[in-house]
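The values are calculated or read from the model by the stated rules, or taken from the named source; none is laboratory data. Just so we're clear, the structure is a prediction, and the values are computed from it rather than from any experiment. Heads up, the Cβs are rebuilt from the backbone with ideal geometry, glycines too, and the neighbour counts pull from every protein chain shown. SASA here: full protein model, heavy atoms, side chains in, ligands and nucleic acids out. Shrake-Rupley method; radii C 1.70, N 1.55, O 1.52, S 1.80 Å.
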Amino acid sequence: MNDQGTERERVIEVRGLTMRFGSKTVHENVDFDILRGEVVAIVGGSGSGKSTLLREMTMLQRPTAGTIRLFGQAVDRLDERQRLALRRRFGILFQNGALFGGETVLENIATPLLEHTRLERTLVDELAAIKLRLSGLAVEDGQLYPSQLSGGMRKRAALARAMALDPELLFLDEPTSGLDPISADALDELVLELKAALGPTIVLVTHDMDSLWRIADRVMLLGEGRLLAVGTMAALARSTDPAVARFFNGPRGRAAMMAAGAS
Amino acid sequence: MGNSAPRFEIHAGRLLCKGDWTARRLAGLPRQLRRQHWPGESLIIDLGGIERMDTSGAWVLEKLRRRLTAGGRRVLIEHASPETERLLLLARTKGLEREQLPPVPHMGALESLGRQTIASLRNAVGLLDFIGDAALAAARLLLHPGRIRWREIAHALGEAGHKALPIVGLLAFLLGIVITYQGGVQLRLYGASIFVADLVGLSMLRELAPIITAIIVAGRTGSAYTAQIGTMKVTEEIDALRSIGVAPLELLVLPKVAALLIALPLLTVYADFMGVLGGMVMANVQLDLSYTTFIDRLQDAVSVKSYLVGVGKAPVFAAVIAIIGCYQGFQVTGSAESVGRRTTISVVQSILAVIVIDALFSIAFSYLEI
């Protein structure tokens, strides 16, 4: 159970995970581990169940069968209080930001701090401002409402909110989707900076080949209802398995590989 | 994982920090640190006893460091782990004191009054504008009757009319019972029980049935119109309609107005019937007035004119409710909260408008001696 010494702690442990909606099986018997400090990307075609897997790991959806352990605790055996305690230890960046529309950006970032700590208001505002600046926004942007932000700024603000409590584990759902290439690169850069500054384990779902090369330590390819392949991006790109090669060696995959090789 | 409360000790110019300096546990510690008296020229902050630290702990220490350095003291940090070092660097480079943050925009009473006045005027002008647009669109549609959206009208008619029957019927029936009960007690004292038919008939048909129906419809249907159009605006469906060449007014507004113009008078007639029925039942139970006697008296007391006066108000109420509901829907901007706020405004405004218009009708009718 507890990994001592040389072996790193398993932050997420998934065993025999199966998800069915009616007669449709999304995935069956999926096993994997995610270790502390890793950046793991989950990829796969549309409808391969990436987002479902993310929702299961974040306790937003119950799997049909199998177990998920977060920080060593099996999530289906926890009561509501323990689940809340566990939720405080991870942050989620939702695909469209999911910022609260009635609050300013700074209030959005302050919300988790106000809910879960007994810090003074001044300190909360200052801490929210640190996260705001860490995510590359100016302090003045904190006064804006989410509807006044551009797509890239919204993602940054949402990332700042996800990081508000310094979570040990960060889930990113399509962090670069809907962004122009320059903003997408900048967001990848930001994820790396956050990682360097605060050191969370990061699990991301993405379509973006460039992100995979730049930020992922390991990549998990989902398809046909199971894990098709797990490995570093370089290893997967060389894979001869036709299903894996089809995914990573298309024109976009090649272009991203060239870019990663060149830089 | 560390699990001890954050704390500090001071020994000979050294500040020893211990435990978990994390957001969840800090609570009162920052205040303690602020109140602490710091003797001497220099301070060594010893972080050897720290079990865990996050941004908040680092920021609290950084604030202390800034305060002491500003007071001319030398501050040294010792025994910080690499992670803590990283967090301290983050706090040092990104941290700003509350006073350095842009002030939370605060509005004075006068400014807020001014803004509200202007907003109300804009709202009134906008509403007029919207009524004009809708009227023009309706006129265009009448010139090209082939473009009238019969399916949408039928759908809206079902939603606003047919589905409102149970609630309107129930409320009107209960209202009839209440009026008869309250009035009957008084009338019996004078031996004038029979006049309860006048009371129920006239008050229901002229005033109460139209107004209670309009209020229910404003709450049920006006709000639905605002929420539907508002949500479509948030999800850019309105823009999508425009881009494929469908005028939102023609598809979303006019069928709703038309449907309500038909539904509300019919609902009012139904409420008339149910209200009088409620009165009749109550008169029978409480005053021993037989149904035939009641109906005989009703025919003498209530003229066709009273009935028409009541039903005649309904189309006006319908137009007001539908127009306000749709207009507020188009005023939604950006967020889910805006949909909620506009829906509330829509219901409040249309109920207010219905009651004010009813009062104006009463004045006009008494002036015209109807």
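Beta carbons closer than 6 Å, at least 6 apart along the sequence or on distinct chains, pair a first residue in the range A:134-153 that is within 11 Å of chain B (Cβ to nearest Cβ) with a second that is assigned to a loop (DSSP other than H, G, I, E, B) and aliphatic (A, V, I, L, M) for A:Val139/B:Leu101; A:Pro146/A:Leu99. For the condition under 30 Å from B:Glu337 (Cα atoms), open to solvent by less than 20 Å² (accessible area, probe 1.4 Å) and hydrophobic (A, V, I, L, M, F, W, C), A:Leu99 does not qualify. Checked against (1) among the aliphatic types (A, V, I, L, M); (2) touching a residue at least 12 places away in the same chain (Cβ under 8 Å); (3) crowded, with 20+ Cβ neighbours inside 10 Å, A:Ile130 meets all criteria but (2).
Within the range B:170-191, the set of residues being open to solvent by 70 Å² or more (accessible area, probe 1.4 Å) and either within 17 Å of B:Leu267 (Cβ to Cβ) or assigned to a helix (DSSP H, G or I) (or both) comprises B:Leu170, B:Leu174, B:Val178, B:Tyr181, B:Gln182, B:Gln186, B:Arg188, B:Leu189. Taking the listed residues B:Gly71, B:Gly95, B:Gly48, B:Gly40, the one that is within 9 Å of another protein chain (Cβ to nearest Cβ) and either among the small types (Gly, Ala, Ser) or under 16 Å from B:Arg7 (Cα atoms) (or both) is B:Gly95, with no other qualifying. The set of residues from the range A:102-127 being out of contact with any strand residue (DSSP E or B) (no Cβ under 9 Å at 6 or more places or on another chain) and open to solvent by 20 Å² or more (accessible area, probe 1.4 Å) comprises A:Gly102, A:Glu103, A:Leu106, A:Glu107, A:Thr111, A:Leu114, A:Glu115, A:His116, A:Arg118, A:Glu120, A:Arg121, A:Thr122. Taken over the range B:81-95, residues that are farther than 16 Å from A:Gly199 by Cα and open to solvent by less than 30 Å² (accessible area, probe 1.4 Å) amount to 1. Scanning the range B:291-298 turns up at least one residue that is assigned to a helix (DSSP H, G or I) and touching an Asp or Glu at 6+ places or on another chain (Cβ under 9 Å).
Looking only at residues in the range A:167-184 that are closer than 14 Å to A:Ile215 by Cβ and aliphatic (A, V, I, L, M), the one that is surrounded by the fewest Cβ atoms within 10 Å (Cβ to Cβ) is A:Ala184.
Could you say whether any residue in the range A:188-196 is touching a residue at least 24 places away in the same chain (Cβ under 8 Å), within 14 Å of chain B (Cβ to nearest Cβ) and within 28 Å of A:Val30 (Cα to Cα)? Among the residues of the range A:188-196, at least one is touching a residue at least 24 places away in the same chain (Cβ under 8 Å), within 14 Å of chain B (Cβ to nearest Cβ) and within 28 Å of A:Val30 (Cα to Cα), which makes the answer yes.
Of everything listed in (1) touching a residue at least 24 places away in the same chain (Cβ under 8 Å); (2) touching a Phe, Trp or Tyr at 6+ places or on another chain (Cβ under 9 Å), the single unmet condition for B:Gly312 is (1). Residues in the range A:206-215 that are within 15 Å of the chain's Cα centre (by Cα) and either crowded, with 22+ Cβ neighbours inside 10 Å or within 14 Å of another protein chain (Cβ to nearest Cβ) (or both): A:Thr206, A:Asp208, A:Ser211, A:Leu212, A:Ile215.
Out of B:Ile194, B:Ile167, I need the residue that is assigned by TED's automatic domain parsing to the domain that holds B:Val285 and either buried (at least 19 other Cβ atoms within 10 Å of the Cβ) or in contact with a Ser or Thr (Cβ under 9 Å, 6 or more places away or on another chain) (or both). Which one?
Of the residues listed, the single one that is assigned by TED's automatic domain parsing to the domain that holds B:Val285 and either buried (at least 19 other Cβ atoms within 10 Å of the Cβ) or in contact with a Ser or Thr (Cβ under 9 Å, 6 or more places away or on another chain) (or both) is B:Ile194.
Look at B:Ala134 and say whether it is at pLDDT below 90, part of a helix (DSSP H, G or I) and either under 24 Å from B:Tyr327 (Cα atoms) or within 14 Å of chain A (Cβ to nearest Cβ) (or both).
No, not satisfied.
Counting only residues that are within 14 Å of chain A (Cβ to nearest Cβ), over 23 Å from the mean Cα position of the chain (by Cα) and not β-branched (Val, Ile, Thr), the range B:98-129 holds 8 of them. When restricted to residues that are closer than 19 Å to B:Trp59 by Cβ and assigned to a loop (DSSP other than H, G, I, E, B), the range B:80-118 contains 7.
So that you can scan it fast, the table gives a plain yes or no per residue for (1) open to solvent by less than 30 Å² (accessible area, probe 1.4 Å); (2) hydroxyl-bearing (Ser, Thr, Tyr); (3) touching a Pro at 6+ places or on another chain (Cβ under 6 Å):
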site	(1), (2), (3)
B:Ala247	no, no, no
B:Leu254	yes, no, no
B:Ala263	yes, no, no
B:Met274	no, no, no
B:Tyr291	no, yes, no
